[in-house]
Amino acid sequence: MLYDCDTGIDDAMTLLYLASLVRAGEAELVGVGTVHGNIDPLTGALNTLRVLEAAGLKAGEQGVPVAIGAARPMAQDVHYALDWHGTDGLGDTHLPDPAGRPVAEPAAAQIVRLAREAPGELTLLATGPLTNLGAALLLDDELPSLIREVVVMGGAFEHPGNITTHAEANIWHDPEAADLVFAADWPVVLVPLDATHPTAVHDDWLDRLAAHDTPVARFAANILEFYADAYTPTLRRRGAVIHDALAAMLVVEPELGEYAHRPVRVELRGELTRGTTVWDARSLPAEDTRRPVKIAVGGDVPGFQERLLASLLSF
Ligand code: BDR
Ligand code: CA
């Protein structure tokens, strides 16, 4: 698996989850790319190195390669989400510099190279804006045929948006790139707010994590403390939606999700709706010729919460 992210608190939780799978021999992480979004991609890459190292993995030039990707969207200004993730992207925990360094290869080139090295085997997990994936599609028009599956956290259908009334952050940050990804002829699984919001964790779950006195559990509890403060007004009670980890879990345990299959387009022009994901839910015959996207619409919420907690307590 190659993980493309904007590290970010829930991206960091996802790195911990993936690291626990790697340590258990249940997944392979062949590379990470970072992109603008929650934070700039250099800070995101350093955060990624910090988190992977905290989880006991070698990262950087001597381990899991961490590549820096696009610093801005394809056709609009860049925005960060520091209110949600802290000025350092990790809840203002200001961890020391990592031992490893980001690799020199740009994130989009890394996607293409790793896909070409193992045709049909690579899964792309993307939990930030889709600029690196869009750029990789533009670099190599055979890329869709080389990728096993693309799993994206992003979008909102019946659930309200979290940036505008209809638009979700990862899509809103780069609508053009997202639309390239949904238009390409490759298998896409989309994990929107409709699926992630019901998985919010609250005090009971957070207290169980905080009660575990290991460095990884303490780090996770600290960054979630910041995130839960940011989420409290939205959820109307203390809690946190760890969106990105759900997408990662559906890569390895797809049976935890429930899905609809629909073509997806991104609104690129609407004055109120730019960055909104639109699915074609009309009955057959479908007029949209795009390949249907497998969209998570629900799933096993306790199964997700318990597995994520167990992975964090496994270090
Ligand atoms: C997404 O936006 C980011 O802030 C989170 O990391 C997640 O990927 C949720 O809309
Ligand atoms: Ca993210």
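From most to least packed by mean Cβ count within 10 Å, the peptides 4-17, 297-310 give 4-17, 297-310. With the simple spin-label model, which puts each label point 7 Å out from Cα in the Cβ direction, the His212 to Asp92 separation comes to 2.7 nm.
Count the DSSP beta bridges whose two residues both fall in the chain, then state the antiparallel fraction as a percent rounded to the nearest 5.
Values: 11 of 34 bridges.
Roughly 30 percent of the beta bridges in the chain run antiparallel, per DSSP.
Across the range 2-313, the relative contact order, built from alpha-carbon pairs under 8 Å that are at least six residues apart, equals 19 percent.
The distance between label points at Asp280 and Ala99 comes to 5.3 nm (points 7 Å beyond Cα on the Cα→Cβ vector). Normalised by residue count, the chain yields a Cα convex hull volume of 121 Å³ per residue. The length gained by stretching the chain between Arg236 and Arg291 to full extension, at 0.36 nm per residue less their Cα-Cα distance, is 16.0 nm. For the range 13-40 versus the range 251-267, the spacing of their alpha-carbon centroids is 20 Å.
Given the Cα-Cα distance of Arg269 and Asp229 and 0.36 nm per residue of separation, how much length would full extension add, in nm?
Details: separation 40, 0.36 × 40 = 14.40 nm, distance 3.38 nm.
Result for the pair: 11.0 nm of gain on full extension.
Coordinate-derived values only; no laboratory data. Given the structure is predicted, the values throughout are model-derived calculations rather than measurements. Please note: Cβ atoms are built from the backbone with ideal geometry, for glycine as well, and neighbour counts cover all protein chains shown.
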